[in-house]
């Protein structure tokens, strides 16, 4: 029976991977991540944290997940932990998978995680017991030939089956700020937020209250064809069958609150995915 987890936003996968290792569903080291998503989620965030927390308790993992991580930087910490040493990211339905590329992840002098090319020097450093460098392989593309001799963790975002430009489905969001911050943003021509186009990030006033507002870019396909979604689900299941993929665990991310999966579609997509997965696997929803 394959454990299947459902999460709302993708950073929560970091916590459930740690739960899965503690429960014995996957080995604590040396797994392959099969990340199926329109977005690579392969960012290294800027963290003010003690990296020893990544080797602590589940409570530490829960706190790090919900108090530190964003929704696009949860994979790299799991690589640094050693949970994954092979990462495969499927982003579309047309391109083939790229050849495996060796990379390394390490903690910089500024206490940041950093993904870098492998050098002769780093190959020597990795052999030292106190090394903070982790080596891993990386592949990205579409539904190409896939095999792994390791335990496979299959991580699926529902947005993979619907929008080709899912970022543009994100609704407007805002956070209240003080009047002083509002004045700084609107009157300072060199404010750091000027790095963003005003169309995307702006400071606005509404009835004497002040907000920092994020506006999603226009979506060229405001109404997606649900029939196309089901066709993509069928293509994906066919690919799983042909590659004979047998995951140790499965995680499904809805991405409905962030807007990457449209709120009026996620239920049908999830239902269709679960029904199709049940044809291939005996799974238990946790």
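What follows draws every value from the coordinates through simple rules; no lab data is involved. Keep in mind it's a predicted model, so treat the numbers as computed, not measured. As a convention, Cβ positions derive from the backbone with ideal geometry for all residues, glycine included, and neighbour counts pool all protein chains shown.
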Point-to-point label distance, residue 172-residue 200, nm (Cα→Cβ direction, 7 Å offset): 1.8 nm
Mind running the shape call on the range 172-214? Use the C-alpha gyration tensor, a ≥ b ≥ c as the square roots of the eigenvalues: rounded below 1.5 for a/c, prolate if a/b tops b/c, oblate otherwise. oblate
So for R0 = 41 Å, FRET eff. of residue 181-residue 150 from the Cβ-Cβ r, to 0.05, ends up at 0.25
Could you tell me the calculated FRET efficiency between residue 215 and residue 190, based on Cβ-Cβ distance and R0 = 22 angstrom, to the nearest 0.05? 0.50
Need the full-extension length gain, residue 235 to residue 107, defined as separation in residues times 0.36 nm minus the C-alpha distance. One decimal, nm. 42.1 nm
Residue-normalised 222 nm signal for the chain, counting each DSSP H run of n ≥ 4 as -39,500 (n - 2.57), nearest 500 deg cm²/dmol, is -8000 deg cm²/dmol
Rounded to whole angstrom, the alpha-carbon centroid of the range 219-286 lies from that of the range 34-86 at a distance of 24 Å
For the chain, shape from the Cα gyration tensor axes a ≥ b ≥ c, cut at a/c of 1.5 then a/b versus b/c, turns out oblate
Work out the FRET efficiency for residue 114 and residue 55 from their Cβ-Cβ distance, taking R0 = 25 Å, and round it to the nearest 0.05. 0.85
